[in-house]
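Structure, as structure tokens:
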Amino acid sequence: MLTKDLLRVSRAGGGYRLQFAEREHRPLAARVLGTYQGHVGETRGDLEAALADLETDADDFKLVRGFAALLERDATFETEATVDPERARKAAFEAAEAVGVVDEDERAMALVRAGESLGHSADDLETALYADLEERHCLTAVDPRWTPDGLLEQYNLSLSQTALFDATELRVRSSDPKALVSAVKRLRLLYEIHRPEDEVTDGLQQDVLATPNGAASDREVIVTGPTHLFRATRRYGTRFARLLRTVASAQEWSLEATIDDRGTERTLSLSHEDPVAVPEAAPVAEVSFDSGVEADFAARFENIDLEWTLVREPEPLATGTRVMIPDFAFEYEHGEFRVFFEIMGFWTPEYVEKKLSQLSTLEDVDMLVAVDESLGVGEEIDARDHRAITYSGSVRIKDVASVLREYERQLVAESAASLADELRPDEDAVSLESLADRHGVSTDALADKTFPEHERVGRTLVRPSVLESLADALEAGMSLSDAEDTLETRGIDDLSAILAELGYRVEWEGLAGGTLLERE
């Protein structure tokens, strides 16, 4: 983005139209680029004087300053002095006080004396005195990522981003709506999706964001702008503006933004027909959620052992004529069951009301909502037949785990009820995990079942005849590796439980293995 003072916009007729850099400005972009490259080894003051001359020749000085602001990011300035400027000043002032400087000769003598005290010449000392002032910093390198054409593209993109920083709302249509919504969620912006009134709205819609032949979608993504937040932050505004990189990367797109123009509401319209593109040298920015509430939760959830898999950005949920994409979904590992999870972060009263309205239209969807305790809407969410937990700062894993375990108990009870009270596996030996997977249930669902043809040994079901044959095959003094091979041929890997059942223990021999001994 550019600073707001460099925004070039026309308000003629009450409109709000950006003044883009056009093809005719390419020579000016090349001159600014060349000015930076030609001033390597010179001071910032010399560079700024040369840029000021360009401003005089240009139609709009803001255009020169905008180009320069972008190139400044690729320029390296350093303090060049053989003596640390602070040490030089201290020595010079002390020498000047001793000499009693009044005229130029006495000043020169003070510099000589100060230089001698530091082991440097008077010229080196004088050069170093104010070398750390910004205008005397030396341009040591400039490595521009753009050609003149690329600089024009980057300028127009940055100009548009700067204008959007003052938006209260952004309405976007894109030929790649899935990428758009994904970027909105990564940037952690407040949004909703509107769909045509006549579109089917019941149930989950797997393709609610699909578009035919790359044309712009008829679904509109509405994003809340930074100036519309109760707790407006620069970070949110920056994320909001960076969304334009993803928007402009689509083949076809259009947007309308409501701009708070110094207290006056204006409308900014942009589309793929405008000179707004993403330069190849500047990749599309994707902000992960590493420092956000969602990232913190996802990282901590992965470290706990639950029967649930965390899915980020699950399929959209249809809510009337709108679409809601929850932040996460929890997938039960032993069946087709999902609990969707939404974290309410940035907010406005209108956003909270819209979110509550969306929740009230969801049917046959299990939803868990983590809501900032300052919003005070937990009871309203519960009243809409969804679960709510409150948080402050970060979502507590134990609160989420507690809700998931409640669902898990229900699922275990339902799956257990769907099984016969007696189960007769065909195998001579089978693990409880394998049997549970076969029936699409968790091992807990097998807890109260009986197995007339098998004995339960540890986590394995074994026919009595197999146990008898193992009792004959195993003997005290057998190596542990031979015992493992014997059990493996019978499809058993729960070594310790079987050995204990048959009355053996292992005497370990360091890390090399062990020997079977009879239990005393």
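The values are calculated or read from the model by the stated rules, or taken from the named source; none is laboratory data. These numbers come from a predicted model, not from an experiment. Cβ coordinates were reconstructed from backbone atoms using ideal geometry, including for glycine residues, and neighbour counts include every protein chain displayed.
Figures for the structure shown
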item	result
Given (1) surrounded by 19 or more Cβ atoms within 10 Å (Cβ to Cβ); (2) touching a helix residue (DSSP H, G or I) at 6+ places or on another chain (Cβ under 7 Å); (3) not assigned by TED's automatic domain parsing to the domain that holds residue 487, number of the condition residue 442 does not satisfy	(3)
Any hit, the range 96-111, residues being surrounded by 13 or more Cβ atoms within 10 Å (Cβ to Cβ), outside any strand (DSSP E or B) and in contact (Cβ under 8 Å) with a residue 60 or more places away in the chain	no
Per-region count, the range 362-390, residues modelled with pLDDT under 75 and hydroxyl-bearing (Ser, Thr, Tyr)	1
Exclusive hit being buried (at least 17 other Cβ atoms within 10 Å of the Cβ), part of a loop (DSSP other than H, G, I, E, B) and either on the phi > 0 side of the Ramachandran plot or not assigned by TED's automatic domain parsing to the domain that holds residue 331 (or both), set 498, 492	492
The range 428-455 - residue that is charged (D, E, K, R) and touching a strand residue (DSSP E or B) at 6+ places or on another chain (Cβ under 8 Å) and, of those, nearest to residue 366 (Cα to Cα)	449
Where residue 134 falls short, out of the listed (1) crowded, with 17+ Cβ neighbours inside 10 Å; (2) within 46 Å of the chain's Cα centre (by Cα)	(1)
Members of the range 355-403 found to be under 25 Å from the mean Cα position of the chain (by Cα), among the small types (Gly, Ala, Ser) and within 28 Å of residue 307 (Cα to Cα), listed by number	370, 388, 392, 393, 394, 401
Leading residue by the ranking (surrounded by the fewest Cβ atoms within 10 Å (Cβ to Cβ)) among those in the range 115-131 that are more than 27 Å from residue 44 (Cα to Cα) and touching a residue at least 12 places away in the same chain (Cβ under 8 Å)	117
Lone unmet requirement of (1) touching a Ser or Thr at 6+ places or on another chain (Cβ under 9 Å); (2) within 30 Å of residue 31 (Cα to Cα) for residue 154	(1)
Positions within the range 367-388 being under 25 Å from residue 337 (Cβ atoms) and charged (D, E, K, R), in sequence order	382, 384, 385, 387
From the options 41, 34, 100, 66, residue that is of a type in the set (Gly, Ala, Ser) and in contact with a Cys (Cβ under 8 Å, 6 or more places away or on another chain)	41
Identity of the residue in the range 222-269, at pLDDT 90 or above, acidic (Asp, Glu) and part of a strand (DSSP E or B), that ends up farthest from the chain's Cα centre (by Cα)	265
Any hit, the range 274-293, residues being surrounded by 15 or more Cβ atoms within 10 Å (Cβ to Cβ), of a type in the set (A, V, I, L, M), over 16 Å from the mean Cα position of the chain (by Cα) and at pLDDT 90 or above	yes
Single condition residue 88 does not satisfy, out of (1) over 28 Å from residue 257 (Cα atoms); (2) not assigned by TED's automatic domain parsing to the domain that holds residue 126	(2)
Search result, residues across the range 309-327 that are crowded, with 22+ Cβ neighbours inside 10 Å and either under 19 Å from residue 391 (Cβ atoms) or modelled with pLDDT of 80 or more (or both)	326, 327
